[in-house]
Amino acid sequence: MNFKIRASTKDDCKEISRMILELAVYEKMPDQVKISHEELERDGFCQNPFFECLVAEVPEEHKSREGFTIVGYALYFYTYSTWKGRSVYMEDLYVMPEFRGNGIGKGLLSKVAEVGKKKQCVRLQLSVLDWNTPSRDFYAAKGAQDLTVSEGWHFIRFDGQNLDNLANEAPKD
């Protein structure tokens with residue numbers, strides 16, 4: 001299937017927002033999505049963007065049943081390892097179900113890796129739900145290591161009231 005991968009634009013944010021919700025439904029967490037396309041526009045297309053995003057686009061003649069030509073995305077941002085240096089973290093990789101198996105996911109993943117390498121990143125990191133065997137197998141087939149098993153890392157989060165409480169305990173200037 002013919003498709004192209006390109007950097008997203010502000011005008012793509014409604015489509016990206018739609019696919020974020022589709023991914024959340026697949027991951028059985030649709031109630032967790034709290035952002036809209038307006039936040040994506042604000043946070044991804046400002047002076048110092050919080051993320052970058054690639055989209056996969058098919059020609060009009062291959063559009064989805066619902067009429068969409070943007071059929072996948074990869075959202076990522078840069079982090080820093082005090083042990084290894086520059087890193088890229090891929091928050092989401094999603095391809096609409098009817099377009100899977102055509103190399104679009106591989107294309108998006110490879111493009112994120114290429115973008116990271118051009119910025120001298122030494123690794124690409126991501127998280128996958130433990131039950132998501134198809135995705136875990138996909139990444140493993142490309143050479144990814146499961147650090148949960150090999151190094152015993154746990155993914156930790158502060159949010160909501162716990163984040164507020166922690167921030168309120170910061171020393172005052």
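The values are calculated or read from the model by the stated rules, or taken from the named source; none is laboratory data. Here the structure is a predicted model, which is why all the values come from computation and not from measurement. Glycine gets a Cβ as well: all are built from the backbone with ideal geometry, and neighbour counts include every protein chain shown. Protein only, heavy atoms only, side chains kept; ligands, DNA and RNA dropped before computing areas. Shrake-Rupley method; radii C 1.70, N 1.55, O 1.52, S 1.80 Å.
Points worth noting:
- When Glu66, Glu61, Glu114, Glu98 are checked against the criterion of being of a type in the set (Asp, Glu) and in contact (Cβ under 8 Å) with a residue 12 or more places away in the chain, Glu98 stands alone in meeting it.
- Looking only at the stretch 111-142, residues that are under 13 Å from Leu75 (Cα atoms) and hydroxyl-bearing (Ser, Thr, Tyr) come to 1 in all.
- Of all residues in the stretch 1-29, those that are farther than 20 Å from Asn102 by Cα and touching a residue at least 12 places away in the same chain (Cβ under 8 Å) have Cβ atoms under 7 Å from Cβ atoms of residues that are open to solvent by 40 Å² or more (accessible area, probe 1.4 Å) and assigned to a helix (DSSP H, G or I), 6 or more apart or on another chain, in Lys10/Glu41; Cys13/His37; Cys13/Glu41; Lys14/His37; Ser17/His37; Leu21/Pro30.
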